[in-house]
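See below for the structure under consideration.
The values are calculated or read from the model by the stated rules, or taken from the named source; none is laboratory data. Keep in mind that what you see is a predicted model, and the values were worked out from it rather than measured. Cβ: placed from backbone, ideal geometry, glycine included. Neighbour counts: every protein chain shown. Heads up: the accessible areas ignore ligands, DNA and RNA and are worked out on the full protein's heavy atoms, side chains in. Shrake-Rupley method; radii C 1.70, N 1.55, O 1.52, S 1.80 Å.
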Amino acid sequence: MREIRCEDIIQTVRDLCIQANCHLPEDVRQAICEAKSREKSPVGQAILGDLVNNYTFADEKNLPICQDTGMAVVFCDLGQEAHITGGLLADAVNEGVRKGYTEGFLRCSVVSDPLRRVNTNDNTPAVLHLRLVDGDKLTITVAPKGFGSENMASLTMLKPSVTREQVEQTIVDAVSKAGSNPCPPIVVGVGLGGDFELSALLAKRALLRPLDEDNPDPYYADMEHSVLEKVNRLGIGPQGLGGKVTALKVSIEAHPTHIAGLPCAVNLNCHVTRHATAVL
Ligand code: SF4
């Protein structure tokens with residue numbers, strides 16, 4: 001059994017927090033650049049130009065792309081043949097987040113209790129999603145999530161008899177209702193099926209998919225393109241000031257579900273669609 005040390009996990013999570021907040025993934029940069037050439041609205045074009053300048057500057061200076069450096073959502077895929085030594089995985093992840101946010105001078109936005117709201121001052125605890133997988137490696141993805149976009153998430157328990165068009169309309173309505181709040185151009189993550197909580201997780205995982213990749217199932221790939229077209233006809237545009245580019249991508253993840261239901265979760269990401277991955 002291969003051993004993975006907690007101290008390596010701490011250092012990796014620390015570095016990923018800083019990396020994700022300061023350096024936008026290449027596919028997202030490309031998508032914003034391409035959006036600029038597609039956008040017809042002069043205001044929309046100017047905003048997209050500002051976004052390009054902003055992420056370029058952040059990249060060069062190693063500064064956060066946005067002041068909201070998010071809640072640290074951490075996905076860990078742990079190989080069944082690996083053994084964590086020197087402590088608990090969750091503690092190591094939280095220590096990595098604490099170091100990343102304090103040593104990287106990233107804004108700490110987490111409160112210790114949803115009602116009494118005292119800042120923990122180190123952005124812990126993280127939201128940790130652990131999955132046991134094949135092999136002996138640990139894959140860690142840090143995806144800091146700003147709450148301008150997170151607050152616009154929705155989950156609808158649809159009737160199983162709805163048509164595909166009605167499902168598409170549910171997603172489009174969620175984006176329409178969100179308007180400018182999630183800082184468009186957005187990425188739309190959709191989770192279809194499973195149960196209540198799995199659909200939400202599917203929607204969040206959908207946001208990690210590279211923007212130049214469609215769902216491997218042609219049925220859902222076609223649906224992604226169809227919803228994207230409808231969303232971009234809403235006219236919300238970059239930063240909600242009007243235009244053709246409201247969303248850069250719609251990613252749908254589907255899962256088997258119960259005969260009596262059809263959970264439909266929509267999780268939006270802003271133009272700062274941040275995530276960084278490392279394998280130990
Ligand atoms: S939604 Fe995104 S771009 Fe808007 S403030 Fe939050 S992190 Fe920044």
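The table below gives the values:
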{"item": "Residues of segment 127-161 classified as within 12 Å of the ligand (Cβ to nearest atom), touching a Lys or Arg at 6+ places or on another chain (Cβ under 9 Å) and open to solvent by 60 Å² or more (accessible area, probe 1.4 Å), total", "result": "0"}
{"item": "Residues that are outside any helix (DSSP H, G or I) and without any contact (Cβ under 8 Å) to a residue 24 or more places away in the chain, drawn from segment 215-247", "result": "Pro216, Arg233, Gly235"}
{"item": "Close pairs (8 angstrom Cβ cut-off, 6 or more residues apart or separate chains): charged (D, E, K, R) in segment 151-172, modelled with pLDDT of 95 or more anywhere", "result": "Lys159/Gly261; Lys159/Leu262; Arg164/Met223; Glu168/Met223; Glu168/Ser226; Glu168/Val227; Glu168/Lys230"}
{"item": "Test: residue in segment 27-39 that is charged (D, E, K, R) and outside any helix (DSSP H, G or I)", "result": "yes"}
{"item": "Entirely in segment 64-180, the strands (runs of 3 or more DSSP E) that have 1 or more residues that are modelled with pLDDT of 95 or more, under 19 Å from Leu268 (Cβ atoms) and in contact with a strand residue (DSSP E or B) (Cβ under 8 Å, 6 or more places away or on another chain)", "result": "71-79, 127-133, 138-145, 154-158"}
{"item": "Qualifying residue in segment 27-49 (condition: out of contact with any strand residue (DSSP E or B) (no Cβ under 6 Å at 6 or more places or on another chain) and closer than 30 Å to Asp136 by Cβ)", "result": "yes"}
{"item": "When residues of segment 64-91 are limited to those that are open to solvent by 80 Å² or more (accessible area, probe 1.4 Å) and touching a helix residue (DSSP H, G or I) at 6+ places or on another chain (Cβ under 9 Å), the one nearest to Arg5 (Cα to Cα)", "result": "Gly86"}
{"item": "Residues within segment 92-113 that are open to solvent by less than 30 Å² (accessible area, probe 1.4 Å) and closer than 26 Å to Glu3 by Cβ, tallied", "result": "5"}
{"item": "Matching entry among Pro210, Pro184 (being surrounded by fewer than 18 Cβ atoms within 10 Å (Cβ to Cβ) and either at pLDDT 95 or above or assigned to a strand (DSSP E or B) (or both))", "result": "Pro210"}
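Table: residues versus (1) without any contact (Cβ under 8 Å) to a residue 40 or more places away in the chain; (2) buried (at least 23 other Cβ atoms within 10 Å of the Cβ).
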| site | (1), (2) |
| --- | --- |
| Ile9 | no, yes |
| Gln19 | no, no |
| His23 | no, no |
| Gln30 | no, no |
| Glu34 | yes, no |
| Pro42 | yes, no |
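Conditions (1) among the hydrophobic types (A, V, I, L, M, F, W, C); (2) within 14 Å of the ligand (Cβ to nearest atom); (3) in the same structural domain as Ala153 (by TED's automatic domain parsing), marked per residue:
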position: Pro238; (1), (2), (3): no, yes, yes
position: Lys244; (1), (2), (3): no, no, yes
position: Leu248; (1), (2), (3): yes, yes, yes
position: Ser251; (1), (2), (3): no, no, yes
position: Ala254; (1), (2), (3): yes, no, yes
position: Ile259; (1), (2), (3): yes, no, yes
position: Asn267; (1), (2), (3): no, yes, yes
position: Ala278; (1), (2), (3): yes, no, no
